[in-house]
Amino acid sequence: MGRHHAENLRRLVPEARLVAIADVAHDRARQTAEELEIERYFSSIEEMLACKEIDALLIAVPDKFHARVIEAAAAAGKDMLCEKPLAINRADAQQALKAVAKAGVRLQVGFMRRYDPAYAAAMKRIEAIIRPGKLDEVKEALADIGVLGMTITEVKGFGRTGGRKEVYRGSAYVIDFVPKVKIEIVAADALVAPILDAIERAAKTAKIGDGKIFVYDVPHAVRIRTGESGEHAI
C-alpha cells in the first residue's frame, strides 16, 4: 500500500514533492527510494519526522499502528493523510484526534476516490428509525467517524409485529404506534458504508423493535446561506 501511494505521489501529483519514505525493512526502503528517485529513506517513523523538509505525512502502515503514528506526526507538527481506518478502537481514535487538535495540524482519513467527479457528485440520504434510548449512543458512534450533522425527529409507528401489547388494571390492550426517533443524514456516497455500520452497531440490541435503516439517492443539494451545491452543501 505504501509503495502504491509513493508511486502516485511521485508520478501523478505534480504539486507534491516526495522527499522521503520510511519502512521498517531498511533494504526495501532503500530499493524503493532508488527506483522512485526519492531523496531520502529511513527505517523508522521517528527518524523521518525529524526531517525539517517534510511538511506532510502520508500514513500507510498496518492499521494497528495508525493512531500511534498520527500522534507522533502531530507532535512533530506535520499535516497528515492517513489510510483508513483512523484506529482499530474508539479510545485510540479519540486519543489521536486530541493530539491533532492540540498540535493544530491537519488530518484527513483517506476514503479513496472521494474527489473523483463521479463519486463527488453522488450523495445519499440515510434515514434510520431507532429506539429513543439509543439516540445518544448512535450520535457518539457517528461523531467518532466524523459525522456531526444530522436531523432528529420524534416519530411513532409500527412494523410487522403490529405494535406492542400492554396490560392496565388487568385488561390487555395494543399500542399500535410505538415511539421512535428518526435520524436523517445526507452524505457523500463514499461515506455511506461507515455511517450504516456505526448506526447499526450503536442501535442494535438484537431484540424486536431495534428499527430499520433506509438509503435514498439525493440528486442535488444547495446550502442556502452560501449557495454552495452538491457535496459542498452537506
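Measuring against 26 Å, Cα to Cα, the residue pairs 124/156; 124/204; 102/182; 64/182; 78/124 contain 102/182; 64/182; 78/124 as the ones spanning a longer distance.
Per-residue 3J(HN,Hα) values for region 29-34, derived from phi via the Karplus relation 6.51 cos²θ - 1.76 cosθ + 1.60 with θ = phi - 60°, read 4, 5, 5, 5, 4, 5 Hz in sequence order (x marks Gly and Pro). Only one residue of 216, 12, 129 has its Cα farthest out toward the positive end of the dipole of the chain, where Lys and Arg carry +1 and Asp and Glu -1 on Cβ, and that residue is 129.
Of all stretches in the chain that contain no trypsin sites (Lys or Arg not before Pro) in a DSSP loop with at most 15 other Cβ atoms within 10 Å, the longest one is 53-105. Test of the criteria: in region 28-69, which GluC sites (Glu not before Pro) are in a DSSP loop and have at most 15 other Cβ atoms within 10 angstrom of their Cβ? Hits after loop and neighbour filter: 37, 39, 53. Could you tell me the calculated FRET efficiency between residue 34 and residue 75, based on Cβ-Cβ distance and R0 = 35 angstrom, to the nearest 0.05? The calculated FRET efficiency here is 0.70.
Principal-axis analysis of the Cα atoms of the chain puts helix 66-75 at an angle of about 60° to the longest axis. Taking the Cα centre of the chain as reference, the dipole from Cβ charges on Lys and Arg (+1) and Asp and Glu (-1) amounts to some 1180 debye.
Classify the chain from the C-alpha gyration tensor, please: rounded if a/c falls under 1.5, else prolate or oblate depending on whether a/b exceeds b/c. Prolate, because a/c is 1.5 or more and a/b exceeds b/c. Look at 1, 123, 150 and count the other Cβ atoms within 10 Å of each Cβ; fewest to most, that gives 1, 150, 123.
Beta-bridge orientation, the chain: approximately 70 percent antiparallel, per DSSP, counting only bridges with both partners inside.
From the square roots a ≥ b ≥ c of the eigenvalues of the alpha-carbon gyration tensor of region 1-123, which class results: rounded (a/c under 1.5), prolate (a/b over b/c), or oblate? Note, shape of region 1-123 comes out oblate. Taking a ≥ b ≥ c as the square roots of the eigenvalues of the alpha-carbon gyration tensor, region 51-105 is classed oblate because a/c is 1.5 or more while a/b is no larger than b/c.
Each Lys and Arg Cβ is given +1 and each Asp and Glu Cβ -1; about its Cα centre, region 2-110 then shows a dipole of about 420 debye. Remark: the residue 153-residue 197 segment gains 13.8 nm on full extension, using 0.36 nm per residue and subtracting the alpha carbon distance.
Each stretch of four or more DSSP H residues adds -39500 (n - 2.57); spread over every residue of the chain, this sum gives -9500 deg cm²/dmol at 222 nm. Largest mean-square fluctuation among 133, 211, 77, in a Gaussian network model of the chain whose springs join Cα atoms under 10 Å apart, belongs to 133.
Values quoted throughout were computed directly from the atomic coordinates according to the rules given, and no laboratory measurement underlies them. Keep in mind that this is a model prediction, so the values were computed, not measured. Please note: Cβ atoms are built from the backbone with ideal geometry, for glycine as well, and neighbour counts cover all protein chains shown.
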